[in-house]
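Mind having a look at this structure? Questions to follow.
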Amino acid sequence: MINILDFFVLLLYVSVIVLVVALIVLVIKAIGTLNKVDKVVDDISLKSSKLDGLFNIVDGTTDALVNISDTIITFIADTINNIFNRKKVKKDE
């Protein structure tokens, strides 16, 4: 007859073996998944580097439009300021 202690030791060893096999399978699947993710990241990096020129053009155009709009807004603000200052000067006299 099997001793209860021997049975638990045998059960523990079988459980550890099953756990180790399961972990090995999970690690192999994780490595495969990481390889796929690495390929996707490389592809995205390549495609984004091709678009860098377009982004630089858009950035330059945006800067030019901001400078033009700042100039126009400054001109309009100065004009309005001059109109109000003239009325103030005339009232003071």
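The values are calculated or read from the model by the stated rules, or taken from the named source; none is laboratory data. These numbers come from a predicted model, not from an experiment. Note: ideal-geometry Cβ built from the backbone for every residue, glycine included; neighbour counts use all protein chains shown. With ligands, DNA and RNA removed, areas are computed over all heavy atoms of the protein, side chains included. Shrake-Rupley method; radii C 1.70, N 1.55, O 1.52, S 1.80 Å.
I57 passes all but one of (1) modelled with pLDDT of 95 or more; (2) open to solvent by 90 Å² or more (accessible area, probe 1.4 Å); which number fails?
The failed condition is (1).
Quick grid of which residues meet (1) in contact (Cβ under 8 Å) with a residue 40 or more places away in the chain; (2) among the hydroxyl-bearing types (S, T, Y); (3) open to solvent by 90 Å² or more (accessible area, probe 1.4 Å):
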{"site": "Y13", "(1), (2), (3)": "no, yes, yes"}
{"site": "V16", "(1), (2), (3)": "no, no, no"}
{"site": "D38", "(1), (2), (3)": "no, no, no"}
{"site": "K47", "(1), (2), (3)": "no, no, yes"}
